[in-house]
Amino acid sequence: MAVGIHFTKVSRVEHGRQTPTDAEIRAWCSACDAKDEAPGLISQARQVDSLYREWRRQARTGLRRLQEDMATLYDRTRLFRVHEHWSIPGLLQTAAYSIASMAYWAQLLDLPDDREEATAARLTRQRILREGDHRFVFLLAEQTLRTRVCSAEAMLEQLDRVMAAIALPNVSIGIIPAEAGLGAHTQTAFWIFDERLVKVETLTAALDISRPEEVHIYLTVFEQMARAAVYGDAARSLILRARDGILQQPETS
């Protein structure tokens with residue numbers, strides 16, 4: 001109330017349901033004795049709003065376009081750092097796994113069901129795993145091996161794909177054990193492209209984070225998780241354990 005903003009609007013802003021105006025941001029910074037922070041915060045607010053609207057606009061045409069629009073960024077990135085906490089990342093997905101995942105998101109967000117076309121675009125993009133001078137570091141929470149995205153048979157195929165990718169010379173795959181400590185887990189998945197951009201996808205929007213100080217935080221957290229992950233034979237052991245778990249459970253998909 002000190003800056004004339006009703007508490008209900010403060011709540012909506014805090015929960016991401018409304019964006020503050022430029023004047024409100026300036027007033028808030030002034031009240032907090034942080035006037036110098038206002039220009040940066042205004043710029044961020046405009047960028048987030050623009051990115052959100054762009055994601056929704058693209059998604060309305062289906063998931064295929066979202067896949068194709070990533071091609072240029074992927075081609076120019078030399079080092080990918082990828083953290084996923086509940087599903088296998090697209091670069092490692094099989095066709096069956098991808099189609100099931102696409103179907104889920106299309107239904108949830110009421111998007112055109114172009115799962116076949118979107119999956120074809122995703123699989124085409126996987127060529128960068130074997131072409132050019134790209135390097136990849138994947139940090140997968142153990143849960144990614146167990147989340148039942150598709151049928152048991154398709155899940156076994158997917159786990160075999162992850163196992164095979166461990167052998168690629170330009171690919172590092174670390175599995176973060178479920179019992180790893182707090183510093184080994186985050187609230188969301190994220191992708192770091194070289195050291196200039198972080199992409200974070202929420203349920204309803206995709207965010208691009210490019211401020212150096214914020215990118216640095218993601219790099220720091222990624223390094224912490226990398227130290228908690230297991231690699232090589234230890235990672236294969238966790239994959240095989242997840243595989244055995246699928247074989248022992250009745251088919252539910």
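Simple spin-label estimate for residue 248 and residue 230 gives 1.5 nm between the two label positions (7 Å along the Cα-to-Cβ direction from each Cα). Quick one: length gained pulling residue 116 to residue 76 fully straight, 0.36 nm per residue minus the C-alpha distance? Going from the current span to full extension adds 11.8 nm. Label positions at residue 33 and residue 219, each projected 7 Å from the Cα along the C-beta direction, are separated by 3.3 nm.
Length gained on full extension, residue 195 to residue 69: 43.3 nm, using 0.36 nm per residue less the C-alpha separation.
The string of couplings for the stretch 115-124 from the Karplus curve (6.51, -1.76, 1.60, θ = phi - 60°) is 4, 5, 5, 5, 5, 4, 5, 5, 5, 4 Hz, one whole number per residue in order, with x for Gly and Pro.
With a cut-off of 12 Å between beta carbons, the residues surrounding residue 165 carry a summed charge of +2, where Lys and Arg count +1 and Asp and Glu -1. Placing dummy labels 7 Å off each Cα toward the beta-carbon, the span from residue 146 to residue 167 is 2.8 nm. The mean sequence separation of alpha-carbon pairs under 8 Å and at least six residues apart, normalised by the residue count of the stretch 77-248, gives a relative contact order of 29 percent.
Estimated at 0.36 nm per residue, the fully extended path between residue 130 and residue 178 surpasses their Cα-Cα distance by 14.3 nm.
Dipole magnitude for the stretch 77-248: computed about the Cα centre from +1 point charges on Lys and Arg Cβ and -1 point charges on Asp and Glu Cβ, it is near 360 debye. Loop-located trypsin sites (Lys or Arg not before Pro) in the stretch 164-251 (DSSP state other than H, G, I, E, B) with a sparse environment of at most 12 neighbouring Cβ atoms within 10 Å: 196.
Every number in this text was worked out from the coordinates using simple rules, so none of it is lab data. Note that the structure is predicted; figures quoted are calculated from it, not measured. Glycine gets a Cβ as well: all are built from the backbone with ideal geometry, and neighbour counts include every protein chain shown.
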